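To start, the structure itself, in structure tokens.
The values are calculated or read from the model by the stated rules, or taken from the named source; none is laboratory data. Just so it is clear, the model here is predicted, and its values are computed rather than measured. Backbone-built Cβ (ideal geometry, glycine too); neighbour counts: all protein chains shown. SASA here: full protein model, heavy atoms, side chains in, ligands and nucleic acids out. Shrake-Rupley method; radii C 1.70, N 1.55, O 1.52, S 1.80 Å.
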Amino acid sequence: TMAYSKAVLVLENFIGGKFVPCSSYIDSYNPSTGDVYCRVPDSGKEEVEAAVKAAKDAFPIWSSKSPLERSQILNKLADLIEHDLEVFAQAESKDQGKTITFARTVDIPRAVYNFRFFASSILHHTTECTEMATMGCVHYTSRAPVGVAGLISPWNLPLYLLTWKIAPAIACGNTVVAKPSEMTSVTAWMMCKLLEKAGVPHGVVNVVFGTGAKAGEALVCHPDVPLISFTGSTLTAQRITEKSAPHCKRLSLELGGKNPAIIFDDADLTQCIPTTLRSSFANQGEICLCTSRIFVQRGIYSEFLKRFVAEVKKWKVGNPSDPTVDMGALISKEHLEKVRSYVKKAQAEGARVLCGEGVDSLALPTGNQKGYFMLPTVIAEVKDESCCMQEEIFGPVTCVVAFDTEEEVIERANSVKYGLAATVWSSSVGRVHRVAQRLQSGLVWTNCWLVRDLNLPFGGMKASGIGREGAKDSYEFFTEVKTITIKH
């Protein structure tokens with residue numbers, strides 16, 4: 001009905017530089033109230049077909065621009081998003097459930113920086129050249145953009161992770177068809193409104209909204225999309241791998257984690273506790289890099305637990321738009337139920353829930369009673385075999401267990417199918433190097449968490465993904481290399 005559509009934000013696909021209405025829509029909820037507040041296109045084959053065609057048509061012009069020209073456009077886009085930072089932050093917080101503080105200080109600034117970073121790095125790549133004097137030959141390499149890139153991004157850091165893909169893809173001269181999560185599409189749609197003003201030619205960036213099963217599948221199966229970059233679940237990645245295999249597509253898959261924090265008895269707890277609080281519960285624990293298994297050496301185990309739980313209990317959960325809250329709402333009703341079910345399983349197995357879900361009561365403001373909120377939850381005495389220690393929960397739940405020796409903790413930390421990130425807390429330099437070398441993890445942080453240099457490779461081992469992204473790595477992924485030999 002008209003009354004329904006007036007009160008609710010209606011998004012449109014962005015194809016070939018124009019907003020295009022869709023024949024059917026999906027409801028998107030405000031996680032902090034439980035109300036529908038937005039309608040997202042339910043795109044499928046037709047819409048993806050149109051977007052891929054627009055991207056293909058735009059490719060010759062965009063790919064023939066110099067890196068400097070593309071760099072200037074990316075910088076302009078960064079300036080425009082930064083100019084509207086507050087509007088973007090509020091939209092991200094409302095759509096995703098994260099706190100306004102997190103959106104303001106992490107998500108949107110990082111989205112801006114993603115464009116600036118790749119605008120800069122694209123100017124500094126060199127290719128190789130070798131001489132073979134005895135044969136009278138010179139060999140050199142040249143790199144060219146691949147074509148239409150299919151980019152699929154998740155709901156936890158919506159604009160942050162979408163721009164982490166769009167920026168390097170278009171910096172390298174590719175054109176893109178992006179599909180954000182249907183649960184968090186608003187900031188992507190807002191970014192589309194700025195593309196023309198930034199000087200991005202029509203068809204270079206196309207955004208098709210919808211579900212993974214329909215829009216995502218159509219994109220992955222499209223014969224004219226040679227490359228897919230995906231961030232999301234390991235399960236979806238298996239399907240992407242199967243569907244893209246007949247086309248021999250190039251894949252970059254950044255998947256889940258079951259990340260350990262290893263806290264040795266010589267750790268500085270004054271730094272370790274506040275950082276581990278953040279690494280467990282930042283963004284409601286909905287970050288693939290969150291620490292959900294905390295191994296504490298037996299000598300400091302009880303002290304750590306006491307101090308850690310005391311700090312967790314101080315965290316304020318509530319309306320995401322309140323700047324004093326530490327944690328907002330989880331993404332959906334279904335996800336909240338899933339996260340809660342893990343806590344119930346742990347209790348059934350005899351583990352102790354020290355604070356949070358089912359132990360403490362959560363008082364919410366009047367307007368947020370139907371939102372998808374949960375207290376930060378700490379579980380102790382969990383067995384390593386428990387699903388709570390093996391599977392990615394992706395919510396505000398962390399398990400704390402004791403260990404005795406360095407050798408033992410390395411083995412236990414490595415005993416999951418994932419290998420994305422790990423944190424190590426110790427004041428012994430020798431130990432941190434030794435342990436870091438042996439952890440099966442794409443990223444190891446020592447005495448800190450989430451400190452990133454975008455120049456360096458980002459990605460995981462084992463079920464945490466395939467490929468790396470970063471200045472050099474993204475450039476290699478988003479370009480095709482050619483070796484040329486000249487006999488003189």
Given a 1.4 Å probe, the accessible area of segment 380-488 per residue, as a whole number of Å², is 45
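Report the gain in length on full extension from ASP265 to SER415: 0.36 nm times residue separation, minus Cα-Cα distance, nm rounded to one decimal.
Working: separation 150, 0.36 × 150 = 54.00 nm, distance 2.18 nm.
Extending this stretch completely gives an extra 51.8 nm.
Using a 1.4 Å probe on the protein chains only, how many percent of the accessible area of segment 260-446 belongs to carbon and sulfur? Before the final figure, lay out the partial values.
Numbers: 3730 of 7530 Å².
Of all accessible area on segment 260-446, carbon and sulfur atoms account for 49 percent.
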Could you give the nm distance between label points at LYS345 and LEU362, where each point is 7 Å from its Cα heading toward the beta carbon?
-> 1.9
Give the calculated FRET efficiency between CYS129 and ASP384 to the nearest 0.05, with a Förster radius of 45 Å applied to their Cβ-Cβ distance.
-> 0.30
If you take the square roots of the eigenvalues of the alpha-carbon gyration tensor of segment 31-175 and sort them as a ≥ b ≥ c, do you get rounded (a/c under 1.5), prolate (a/b over b/c) or oblate?
-> prolate
Given LEU330, GLY285, ILE300, which one lies farthest toward the positive end of the charge dipole of segment 260-446, if we put +1 on the Cβ of every Lys and Arg and -1 on the Cβ of every Asp and Glu?
-> LEU330
May I ask you to list the aspartates and glutamates whose Cα is less than 19 Å away from that of LYS249, ignoring any residue fewer than eight positions away on the same chain?
-> GLU49, GLU217, ASP224, GLU469, ASP473, GLU476, GLU480
Aspartates and glutamates near LYS417 by alpha-carbon distance under 17 Å, same-chain residues fewer than 8 away left out - which ones?
-> GLU254, ASP384, GLU385, GLU391, GLU392
Under 5 Å from the placed amide H of VAL296, counting only residues 5+ away or on other chains, we find ILE263, VAL401, ALA402, PHE403
VAL186 neighbourhood, Cβ < 15 Å, K/R = +1, D/E = -1, net charge -4
With a/c under 1.5 counting as rounded, go ahead and sort segment 131-282 into rounded, prolate or oblate using the C-alpha gyration tensor (a ≥ b ≥ c being the square roots of the eigenvalues; past the cut-off, prolate if a/b is larger than b/c, else oblate).
-> oblate
Euclidean distance between Cα centres, segment 165-217 to segment 378-434, Å = 37
Starting from the Cα of LYS94, draw a straight line to each of the lysines and keep only those under 24 Å, dropping any in the same chain fewer than 8 residues away.
-> LYS6, LYS165, LYS179, LYS193, LYS314, LYS316, LYS333, LYS338, LYS370
Counting only DSSP beta bridges with both partners in the chain, the antiparallel fraction in percent, to the nearest 5, comes to 45
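Express as a percent, rounded to the nearest 5, the fraction of DSSP beta bridges in segment 260-446 (both residues included) that run antiparallel. Mind showing how you got there, number by number?
Values: 3 of 24 bridges.
In segment 260-446, DSSP labels about 10 percent of beta bridges as antiparallel.
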Round to a whole angstrom and tell me the spacing of the C-alpha centers of segment 13-67 and segment 332-371.
-> 35
Hey, rough spin-label estimate for SER428 and ASP404, points 7 angstrom out along Cα→Cβ, what's it come to in nanometres?
-> 1.6
Rounded to the nearest 5, what is the percent of antiparallel bridges among the DSSP beta bridges in segment 108-240?
-> 25
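Placing +1 at every Lys and Arg Cβ and -1 at every Asp and Glu Cβ, with all other atoms neutral, what dipole size does segment 179-286 have around its Cα centre, in debye to the nearest 20? Walk me through the numbers before you get to the answer.
On the way: 10 positive and 10 negative charges, 103 e Å.
Dipole of segment 179-286, to the nearest 20 debye: 500 debye.
Going by accessible area, probe 1.4 Å, with all protein chains left in place, what is the ranking of THR236, THR291, THR211, THR105, largest first? Don't skip to the end; give the middle numbers.
Numbers: THR236 65, THR291 5, THR211 35, THR105 95 Å².
Solvent-accessible surface, decreasing: THR105, THR236, THR211, THR291.
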What is the distance, in nm, between label points placed 7 Å from the Cα along the Cα-to-Cβ direction at ARG239 and at HIS139?
-> 4.3
To the nearest 0.05, what FRET efficiency results for ASP35 and ASN455 with a Förster distance of 51 Å applied to their C-beta separation?
-> 0.75
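To the nearest 20 debye, what is the magnitude of the charge dipole of the chain about its Cα centre, counting +1 on the Cβ of each Lys and Arg and -1 on the Cβ of each Asp and Glu?
Numbers: 52 positive and 52 negative charges, 83 e Å.
It comes to approximately 400 debye.
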Please report the Cα spread of the chain along all three principal axes, rounded to whole Å, starting with the longest.
-> 74, 71, 41
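Given a Förster distance of 41 Å, report the FRET efficiency between ALA7 and THR105 from their Cβ-Cβ distance, rounded to the nearest 0.05. Write out the running numbers ahead of the final one.
Details: r = 31 Å, r/R0 = 0.75.
Working from the Cβ atoms, E equals 0.85.
Would you mind working out the magnitude of the charge dipole of segment 1-160 relative to its Cα centre, with +1 at each Lys and Arg C-beta and -1 at each Asp and Glu C-beta, to the nearest 20 Debye? Spell out each step's value before the answer.
Values: 15 positive and 18 negative charges, 30 e Å.
The dipole of segment 1-160 has a size of about 140 debye.
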Over the chain, the sum of -39500 (n - 2.57) across DSSP H runs of at least four, divided by residue number and rounded to 500 deg cm²/dmol, gives at 222 nm -11500 deg cm²/dmol
